[in-house]
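Notes to accompany the following structure.
The values are calculated or read from the model by the stated rules, or taken from the named source; none is laboratory data. The shown structure was predicted, so the numbers you read here are calculated from the model rather than taken from an experiment. Because the Cβ atoms are built from the backbone with ideal geometry, glycine has one as well, and the counts that use them run over all protein chains shown. Protein only, heavy atoms only, side chains kept; ligands, DNA and RNA dropped before computing areas. Shrake-Rupley method; radii C 1.70, N 1.55, O 1.52, S 1.80 Å.
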Amino acid sequence: MSPRRQALLVAGWEFRRYFKWKDQVAGLVIFAVLGLIGYGASRLATGGRVVTVAATGIELVAAEGGRMRVVPAPADSAGQEALLDTGDVDGILHRRADGAFELKVRKDPRFLPELRAALADLERRERMSAAGISETQLAVILAPPRLEVRFGDPARQRAGRAERLVAAVFLFLVILAVFTSMAYLLTGITGEKQLRVTESITAIIPPQAWIDGKILGIGAYAMTTILNMMVGGVLLAVLGTYAWGFVIPDVFVRPAVLLLLVAYSLLALAMWNAAFAAFASTIDDPNTSTRTSVMFLPMLPLVMTFGVLRDPDGLASRVMSLVPLTSPSAMPMRVILSNPGAAEIAASLALLAAMAWLFRRLAGRVFEVGMLMYGKEPTLREMWRWMTAPGR
Amino acid sequence: MLPLVRVDRIAKTFAGRRAVDDLSFQVLPGEVFSLLGPNGAGKSTTVRMLIGVIRPDEGEIAVSLDGKVSGVLPAARSAYLPEDRGLYREIPVLRTLVYFGRLRGLEKDEATRRALAWLERVDLLDRKDERVDALSKGNQQRVQLIAAIIHRPLLAILDEPFAGLDPLSQEFFLDLVRELRRDGTTIVLCAHQMDLVERVADRVLLMNRGREILSGSVPELHATIDARPHIRFNLDEGASGSAFTDDPDVDSVSAGEGAGEVSVRLRPGSAVSGFLARAVGRVPVRSISTEPPRLHDVFVRAVREDDARRGDFAS
């Protein structure tokens, strides 16, 4: 059997070791529940209880669509107190002799911002009336200068909030995929060493085929989990379009962009999984090893790329989108937020693919020795010697 | 007969320590060849070089299969049961066996068919869907062995197959080794249980500190056994075996493992009946037994002599 077929066989085995339909369905259900909770909470926030303010001698106009309602208040203070006591109104508003407004309440008035806006509108109308200015005249006076920005390439529009949100979510998913893989590679490989499965397998297949299979299988599992979350996310977005008027950025309906995101995600997983697998093979016992903390180092370049959100076309973002350790998250974010050139994308992809291949080869060499090493963890110098040893 | 495996002056050093040193041997087709030796003798290192997990620093290994000679055992034609062995605990038995069969090159259907046949043979068919860790240690060892030989190898290397097994399971493994040989599989058996090995091995090679110290067929080695009569006494409480030392037929007297036990070795050509008649008259005896000559003694003596010789050289 060829090493490639062996690697695919191992990949299938590793995938099936971890993939459980029950877990995936549970993940989707959790997503749905969270979505429904979010939807319900927003309904409560926007369509909550109506607040009634009773006013005396004030022509207050509540904002249209708001939750505040204005009703006339009884003239006598006993009647006003009775209204407050029964809870029929949430506040009694009146204007003092010095012109200031006074609000009498029984509990903390959460509707204060809405009330302030209504009072400001009232005062503006009163002042305009006193100055003899009509609403139309005021609109002309206050109108800002008109400025339109036209891009030669319509795709170079400034990113809106939706794009930024999507870019941040993408980065989060990449980090999640990488660290999901890391967790399973760490537990899987150190577990195999502790179960003494290693020698049985290395007697059958070459270490490179074994590690390739692991990278593929566990990477596929991580991608499936993320895909499942994305399905949940899409369902949530569809729900969002109805509930909140959320608009899915059109960047996501461009197949080339989607392909690019998938390519970067796969290459990132391949690169980091190779490093994780090699490193895990050198850990003798994960319960006592101090080495496991080093596994979190990839977090650093990934988190650094959050800076791209602020300035996707700045020098730092352009450099990060080329360097293979940061490009898997930096370049896709730039693609979502801006419009990097094709040459930049091609160079970034080529560098990332080369780095993933190099990681895979070096990892194979470390894995070959590390998996058969018991009772002692190799030093970094020893690992470097294995990686650079000629003639393998 | 052309050897299936020819090992020529191989050596391996780990961190300055010579684990295997100038070792040569041949394995003939269809035989059970046993590598024996105490712990740390270099047996497992030798086996790992045979299967290609590690490479010798010096020397050469040649495997002749189907008219071709190569430096490593092809995985599809050989089997290896490592000393450090284990299985994926959380995976069902049948799935585990099919996976190992497929890694060895079998198609899924064929691997399944053979796995089921083997499970029936070892009385585990009704447990095929259970997780491996639900089985007893002995049954896990059976599954482990099936995983190693499911593809019907030409050559099987079994490293310490009897380790940690109860006597019944040991007998099961001995039967299995015989069955494999009958079906034409050549077997390299590494072990330190000499009594079990001599029941199945055709030829043995004894290693100590990485080197060969003794080799030959089992009958040849039996011929070297000390043929002096060996008698074991269980004496009454308070009695001493020192009275035996004055007897003219006694060569040596040593204390046994239990309280009141004494081992007596007679001079060559001594009459056992005459000695026994004198012995029971001198010392109150509860029971008497004789021990047949064992290969175990040959090996213990050979290893001790080798240790002493090397100790002398070292000093």
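Can you tell me the accessible area per residue over the stretch B:203-315, all protein chains present, probe 1.4 angstrom, in square angstrom?
Working: 6400 Å² over 113 residues.
Result: 57 Å² of accessible area for each residue.
Kirkwood-based Rg over Rh for the stretch B:198-303 (C-alpha set), two decimals?
Expressed as Rg/Rh, it is 1.07.
Of the DSSP beta bridges with both residues in chain A, give the percent that are antiparallel, rounding to the nearest 5.
In chain A, DSSP labels about 30 percent of beta bridges as antiparallel.
Skip the ligands, DNA and RNA, and give the accessible area per residue of chain A with a 1.4 Å probe, whole Å².
Values: 21240 Å² over 392 residues.
Here the per-residue accessible area is 54 Å².
Can you list residues whose amide H is under 5 Å from B:LEU214's amide H, if they're 5+ apart or on another chain and H is modeled 1.01 Å from N?
B:LEU206
Among A:ALA263, A:ALA356, A:ALA55, whose mean-square fluctuation peaks in a Gaussian network model of chain A (Cα, cutoff 10 Å)?
A:ALA55
Give me the dipole magnitude in Debye, nearest 20, for the protein assembly as shown about the Cα centre, with unit charges on the beta carbon: positive for Lys and Arg, negative for Asp and Glu.
Dipole about the Cα centre, nearest 20: 1740 debye.
Over the stretch A:50-142, what relative contact order in percent results from Cα pairs under 8 Å that are six or more residues apart?
Contact order relative to length: 27 percent.
Using the Cα centre as the reference, give the magnitude of the dipole from point charges on the C-beta atoms of chain A (Lys, Arg: +1; Asp, Glu: -1; all else neutral), rounded to the nearest 20 debye. Provide the component values of the computation, followed by the final result.
Working: 41 positive and 32 negative charges, 283 e Å.
Charge dipole, chain A, about its Cα centre: 1360 debye, nearest 20.
To the nearest 20 debye, what is the magnitude of the charge dipole of chain B about its Cα centre, counting +1 on the Cβ of each Lys and Arg and -1 on the Cβ of each Asp and Glu?
840
Taking the highest mean first, how do the peptides B:125-131, B:27-33 order by number of other beta carbon atoms within 10 angstrom per residue?
Highest to lowest by the protection proxy: B:27-33, B:125-131.
Would you work out which of B:ALA239, B:ALA279, B:PRO268 lies farthest towards the positive end of the dipole of the stretch B:230-290, given +1 charges on the beta-carbon of Lys and Arg and -1 on that of Asp and Glu, about the Cα centre?
B:PRO268
With an 8 Å Cα cut-off and a minimum separation of 6 or more residues, compute the relative contact order for chain B in percent.
The normalised contact order for chain B reaches 19 percent.
Please compute, over every Cα-Cα pair in the stretch B:230-290, the percentage with a separation greater than 19 angstrom.
Of the Cα pairs, 16 percent sit more than 19 Å apart.
Tell me, what is the 1.4 Å probe accessible area of A:SER129, in Å² to the nearest 10?
About 90 Å², ignoring ligands and nucleic acids.
What does the convex hull of the alpha-carbon atoms of the stretch A:310-363 project to on average, in nm²? List each step's numbers first, then the result.
Details: hull surface 14.1 nm².
So the mean shadow area of the Cα hull is 3.5 nm².
Please pull out the direction-averaged projected area of the stretch B:5-223, using the convex hull of its alpha-carbon atoms, in nm² to one decimal place.
12.2
Leaving out ligands, DNA and RNA, what percent of the accessible area of the protein assembly as shown is carbon and sulfur, probe 1.4 Å?
58
Please check: in the Gaussian network model of chain A (C-alpha springs, under 10 Å), which one of A:MET355, A:MET371, A:MET304 has the largest mean-square fluctuation.
Fluctuation is largest for A:MET304.
On the first, second and third principal axes, largest extent first, how far apart are the outermost C-alpha atoms of the stretch B:1-103 in Å?
Principal extents (Cα only, largest first): 44, 37, 22 Å.
Return the Rg/Rh ratio of the protein assembly as shown with Cα-based radii and a Kirkwood Rh.
1.24
Once phi is turned into ³J(HN,Hα) by the Karplus curve 6.51 cos²θ - 1.76 cosθ + 1.60 with θ = phi - 60°, what whole-Hz value does each residue of the stretch B:14-31 show in order, with x for glycine and proline?
Residue by residue, the stretch B:14-31 yields 10, 6, x, 9, 7, 7, 10, 9, 6, 9, 9, 6, 10, 10, 8, x, x, 9 Hz.
Taking only DSSP H segments of four or more residues, each worth -39500 (n - 2.57), what value at 222 nm results for chain B once the sum is divided by all its residues, to the nearest 500 deg cm²/dmol?
-10500 deg cm²/dmol
Please give the average number of partner chain Cβ atoms lying within 10 Å of the Cβ of each residue in B:77-87, rounded to a whole number.
Numbers: counts 0, 2, 2, 5, 3, 8, 2, 9, 6, 10, 4.
Whole-number average of other-chain Cβ neighbours for B:77-87 is 5.
Among A:9-18, A:340-349, A:60-69, how do they line up from the highest to the lowest mean number of other beta-carbon atoms within 10 Å?
A:9-18, A:340-349, A:60-69
Mind grabbing the interface size between A and B? I mean buried accessible area, both sides, 1.4 Å probe, in Å² to the nearest hundred.
In total, chains A and B hide about 2400 Å² from solvent.
From the residues B:VAL303, A:VAL169, A:VAL10, which one has its Cα farthest along the dipole of the protein assembly as shown in the positive direction, the dipole being from +1 and -1 charges on Cβ of Lys/Arg and Asp/Glu about the Cα centre?
A:VAL169
Test of the criteria: in the stretch B:202-295, which GluC sites (Glu not before Pro) are in a DSSP loop and have at most 12 other Cβ atoms within 10 angstrom of their Cβ?
Answer in residue order: B:GLU237, B:GLU257.
Given the DSSP H assignment, sum -39500 (n - 2.57) over each helix run of at least 4 residues in chain A and divide by its residue total; what's the result at 222 nm in deg cm²/dmol, nearest 500?
-21000 deg cm²/dmol
What does the accessible area of B:HIS192 come to, in Å² to the nearest 10, when a probe of 1.4 Å is used?
Spelled out: B:HIS192, probe radius 1.4 Å, area about 80 Å².
What residue among A:SER181, B:LEU158, B:LEU94 has its Cα farthest toward the positive end of the dipole of the protein assembly as shown, where the charges are +1 on Lys, Arg and -1 on Asp, Glu, each on the Cβ?
My answer, from the dipole projection, is A:SER181.
With a cut-off of 8 Å between alpha carbons and a minimum separation of six or more residues, what is the relative contact order of chain A in percent?
Taking the mean separation of contacting Cα pairs over the length of chain A, I get 20 percent.
Considering every residue in A:7-18, what mean count of other chain Cβ atoms within 10 Å of its Cβ is obtained?
2
How big is the stretch A:50-142 in terms of Cα radius of gyration and Dmax, in angstroms?
Expressed in Å, the Cα Rg and Dmax of the stretch A:50-142 come to 14.7, 47.
Grab the alpha carbons of chain A, take their convex hull, and tell me the volume per residue in Å³.
It is 232 Å³ per residue.
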